[in-house]
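Single-structure report; data block below.
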Amino acid sequence: MKKSAIKSLAAFAFCALASAHSAAFAQDAALKVDDAWVRSTVPSQHATGVFMRLTSAATGRLVGVESQAAKHVEIHEMAMQDNVMKMRQVAGIALPAGQAVELKPGGYHVMLIDLAGQISPGDHVALTLVVEDADKRQRRVPVDAVARPLNAAAAPAAGHGH
């Protein structure tokens, strides 16, 4: 009798772990994050960019980003305005279902402003993406961005006021 109780308990624990793993996988599957990276900095630099490719399973919006690496974290866009490339903060980025959205130098990206410290090549920067679905429900998606060297491919940050 004891052996069957132990087997039942073990089977229950296995099913619970499998369900928890499936739930975690389903949440990760809702937003696929590829190639997340942050540009490294020099000692006196106060801001840097974060880049990645996002593919959402369902239509949604990236409405915020959080990180302990900086006092302020903003979603930005580089765009031509009066024949000048300018950077501006945006309220969010549309994530069409099944379509990859690039956050890249010279386009949409995340800005880390008032950095907590220097970011060196190879450092890992933890971020949390705040994604809103069509029903305005928000969920948080953890991301690990690896720092690349300062000379990683990028367009100049003209018009950035920070």
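The values are calculated or read from the model by the stated rules, or taken from the named source; none is laboratory data. All values reported here derive from a predicted model rather than from experimental measurement. Ideal geometry is used to build each Cβ from the backbone, glycine not excepted, and the neighbour counts take in all protein chains shown. The protein model used for the area step is the full one, side chains on, heavy atoms only, and it has no ligands, DNA or RNA in it. Shrake-Rupley method; radii C 1.70, N 1.55, O 1.52, S 1.80 Å.
Some points to look at:
Rundown of residues vs (1) part of a loop (DSSP other than H, G, I, E, B); (2) over 19 Å from residue 150 (Cα atoms); (3) at pLDDT 95 or above, yes/no style:
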| position | (1), (2), (3) |
| --- | --- |
| 74 | no, yes, yes |
| 102 | no, yes, yes |
| 106 | yes, no, no |
| 112 | no, no, yes |
| 122 | yes, no, yes |
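- Candidates 59, 41 - the one that is more than 14 Å from the chain's Cα centre (by Cα), closer than 21 Å to residue 150 by Cα and at pLDDT 95 or above: 41
- On inspection, residue 114 qualifies as open to solvent by less than 80 Å² (accessible area, probe 1.4 Å), of a type in the set (D, E, K, R), over 15 Å from residue 34 (Cβ atoms) and more than 14 Å from the chain's Cα centre (by Cα).
- Output for the stretch 135-153, where each listed residue is open to solvent by 50 Å² or more (accessible area, probe 1.4 Å) and not basic (Lys, Arg): 135, 138, 142, 144, 146, 149, 150, 151, 153
- Number of the exception - residue 135 against (1) over 15 Å from residue 48 (Cβ atoms); (2) in a strand (DSSP E or B); (3) of a type in the set (Asp, Glu): (2)
- Here residue 86 does not fit the description of being in contact with an Asp or Glu (Cβ under 6 Å, 6 or more places away or on another chain) and either farther than 17 Å from residue 152 by Cα or without any contact (Cβ under 8 Å) to a residue 40 or more places away in the chain (or both).
- Within the stretch 63-72, the set of residues being assigned to a strand (DSSP E or B) and either in contact with a Gly (Cβ under 8 Å, 6 or more places away or on another chain) or open to solvent by less than 30 Å² (accessible area, probe 1.4 Å) (or both) comprises 63, 64, 65, 70.
- Conditions (1) under 11 Å from residue 63 (Cβ atoms); (2) open to solvent by 60 Å² or more (accessible area, probe 1.4 Å): number failed by residue 92: (2)
- Condition met for residue 110 (among the β-branched types (Val, Ile, Thr) and under 23 Å from residue 89 (Cβ atoms)): yes
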